[in-house]
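The values are calculated or read from the model by the stated rules, or taken from the named source; none is laboratory data. Owing to the predicted nature of the structure, the values given are computational and were not obtained by experimental measurement. Positions of Cβ are generated from backbone atoms using ideal geometry, with glycine treated the same way; all protein chains shown enter the neighbour counts. The accessibility values were calculated without ligands, DNA or RNA, using every heavy atom of the protein model including side chains. Shrake-Rupley method; radii C 1.70, N 1.55, O 1.52, S 1.80 Å.
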Amino acid sequence: TAGITQAPTSQILAAGRSMTLRCTQDMRHNAMYWYRQDLGLGLRLIHYSNTAGTTGKGEVPDGYSVSRANTDDFPLTLASAVPSQTSVYFCASSELAGQETQYFGPGTRLLVL
Amino acid sequence: GDSVTQMEGPVTLSEEAFLTINCTYTATGYPSLFWYVQYPGEGLQLLLKATKADDKGSNKGFEATYRKETTSFHLEKGSVQVSDSAVYFCALSDTGFQKLVFGTGTRLLVSP
């Protein structure tokens with residue numbers, strides 16, 4: 001079972017450019033999440049989706065947008081990248097929103113120059 | 001808002017030593033508590049969880065007990081192995097907003 005896949009694995013991006021980080025899950029989970037991981041700060045929630053067709057803002061949403069057109073896919077878009085968006089990005093999913101175990105993808109390492 | 005505080009690392013131990021990683025939380029309501037582990041170059045994976053007070057979560061020799069009176073969920077293992085070297089994250093499920101709130105992570109280094 002693939003679980004959650006993320007693409008690309010890593011990317012170097014020039015400041016001001018746009019980029020979409022892809023996330024796909026094959027578990028038919030209702031809820032999906034995007035986190036960024038920064039040293040000393042742990043994981044911080046960027047955006048989430050409790051079910052297909054709905055999205056919500058997390059702790060650090062500025063500069064990011066998401067969409068949830070179907071159950072399986074939850075892309076994260078940086079419209080105009082800035083160096084402070086250099087981070088490791090993790091997509092996760094859970095069967096239901098709320099008190100449920102989350103399953104994480106392998107991450108995308110992004111460097112914005 | 002809800003928050004999780006865990007001890008800063010790195011925690012450096014010799015193989016077969018006893019491990020404790022402290023975690024305390026602040027929450028309204030009655031959250032579920034989790035420990036996630038991240039091995040080098042990988043995403044996070046659930047290690048164990050507890051959903052109510054006095055529950056003990058356990059997996060792979062690791063244990064943690066949900067202590068409501070001290071708002072703690074300390075991770076313990078009686079005898080660590082080199083393969084346990086990883087970053088450990090304590091987390092709670094925020095019942096108000098239905099999200100996971102993570103601590104900053106504690107790196108564990110186990111030497112032979």
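Beyond 25 Å between alpha-carbons counts as too far, so tell me which of B:K68/B:K99; B:K52/B:K99; A:K57/B:K60 fall in that bin. Too far apart for the 25 Å limit: A:K57/B:K60. Using a probe of 1.4 angstrom and keeping all protein chains present, the accessible surface of chain A works out to 46 square angstrom per residue. Straight-line reach from B:K56: taking Cα to Cα under 18 Å and skipping same-chain neighbours fewer than 8 places apart, the aspartates and glutamates in range are A:E100, B:E69, B:E76. The mean count of C-beta atoms from other chains within 10 Å of the C-beta of residues in B:32-40, rounded to a whole number, is 2.
Of A:R28, B:R107, the residue with the largest accessible area leads and the full order is A:R28, B:R107 (1.4 Å probe).
Farthest toward the positive end of the dipole of the protein assembly as shown, out of B:G78, A:N30, B:L46, is the Cα of A:N30, where the dipole comes from beta carbon charges about the Cα centre. Site pair A:R109 and B:K68 shows an inter-label distance of 4.4 nm when each label is modelled 7 Å from Cα along Cα→Cβ.
The coefficient of translational diffusion for chain A, derived via Stokes-Einstein from the alpha carbon Kirkwood radius under 37 °C and 0.692 mPa s, stands at 237 µm²/s. Net charge dipole, the protein assembly as shown: roughly 420 debye, given to the nearest 20, about the Cα centre with Cβ charges of +1 for Lys and Arg and -1 for Asp and Glu. Placing R0 at 25 angstrom, the Cβ-Cβ distance between B:L109 and B:N22 gives a FRET efficiency of 0.90 after rounding to 0.05.
Sort segment A:52-107 into rounded, prolate or oblate with this rule: let a ≥ b ≥ c be the square roots of the eigenvalues of the Cα gyration tensor; rounded if a/c is under 1.5, and if a/c is not under 1.5, prolate when a/b is larger than b/c, oblate otherwise. It is prolate, given that a/c is not under 1.5 and a/b is the larger ratio. Taking Cα centre as origin and charging only the Cβ of basic (Lys, Arg, +1) and acidic (Asp, Glu, -1) residues, the dipole magnitude of chain A rounds to 260 debye. Please report how far the C-alpha centroid of segment B:9-79 lies from that of segment A:32-96, rounded to the nearest whole angstrom. The distance from the Cα centre of segment B:9-79 to that of segment A:32-96 comes to 25 Å. At each listed q (0.08 Å⁻¹), what is the log10 of I(q)/I(0) that the Debye formula gives for the protein assembly as shown modelled as equal alpha-carbon point scatterers? Treating every Cα as an identical point scatterer, log10 I(q)/I(0) equals -0.29.
Here the accessible area is traced with a 1.4 Å probe on the protein chains. For segment B:4-112, carbon and sulfur cover 49 percent of it. Normalised Debye scattering of segment B:56-101 at q = 0.16 Å⁻¹ gives log10 I(q)/I(0) of -0.56, counting only Cα atoms as equal scatterers and leaving out solvent. Taken over segment B:27-112, the alpha-carbon convex hull comes to 96 cubic angstrom per residue. For B:F18, what is the net charge nearby, where nearby means another residue's Cβ is under 13 Å from its Cβ and Lys, Arg count +1, Asp, Glu -1? Spelling it out: positives minus negatives among the neighbours equals -4.
Residue ranges A:6-19, B:14-27 sort as B:14-27, A:6-19 when ordered by packing (mean number of other C-beta atoms within 10 Å per residue, highest first).
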